[in-house]
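The values are calculated or read from the model by the stated rules, or taken from the named source; none is laboratory data. What you see is a predicted model; the values in this text were computed from it and never measured. Note: ideal-geometry Cβ built from the backbone for every residue, glycine included; neighbour counts use all protein chains shown.
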Amino acid sequence: MFGLLGLGIAAAAGIVGHMRTRSFVGRRLRFTSFVEKPYLGVAVGVAATVVASPLVAVLPVVGVGTAIAFGTGVGTGAALGARDAKRPLLED
């Protein structure tokens, strides 16, 4: 039962991390040179995993997989948000 609950929390963390990061990168980081870096998604994903690791170590229901799912979601969201930021705001 707790395994299924942990799996649901990991999936929710990955999905929410992806959606919020993609939106943030696409809107807020559009005019920065950091968006043009090819390693943006990997760097942000690894950083999110490292930051989430101490939190999931304390919580009894979730494990390392939750931190990895969150980092993967944030990394893919950053990569796709950077791709969105390269598109023009208004189509002609």
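Assorted remarks:
- Residue check, GLY45 within 11 Å of ALA78 (Cα to Cα) and surrounded by 14 or more Cβ atoms within 10 Å (Cβ to Cβ): yes
- Test for SER33: is it over 12 Å from the mean Cα position of the chain (by Cα), farther than 23 Å from LEU4 by Cα, surrounded by fewer than 19 Cβ atoms within 10 Å (Cβ to Cβ) and free of Cβ contacts under 8 Å to residues at least 40 places away in the same chain: yes
- Pairs with Cβ under 9 Å, 6+ apart, first in segment 47-67 and in contact (Cβ under 8 Å) with a residue 60 or more places away in the chain and closer than 14 Å to GLY14 by Cβ, second small (Gly, Ala, Ser) and surrounded by 20 or more Cβ atoms within 10 Å (Cβ to Cβ): THR66/ALA10; THR66/ALA13; THR66/GLY14; THR66/ALA52
- Matching entry among LEU59, LEU7 (being modelled with pLDDT under 90, surrounded by fewer than 18 Cβ atoms within 10 Å (Cβ to Cβ) and more than 25 Å from LEU89 (Cβ to Cβ)): LEU59
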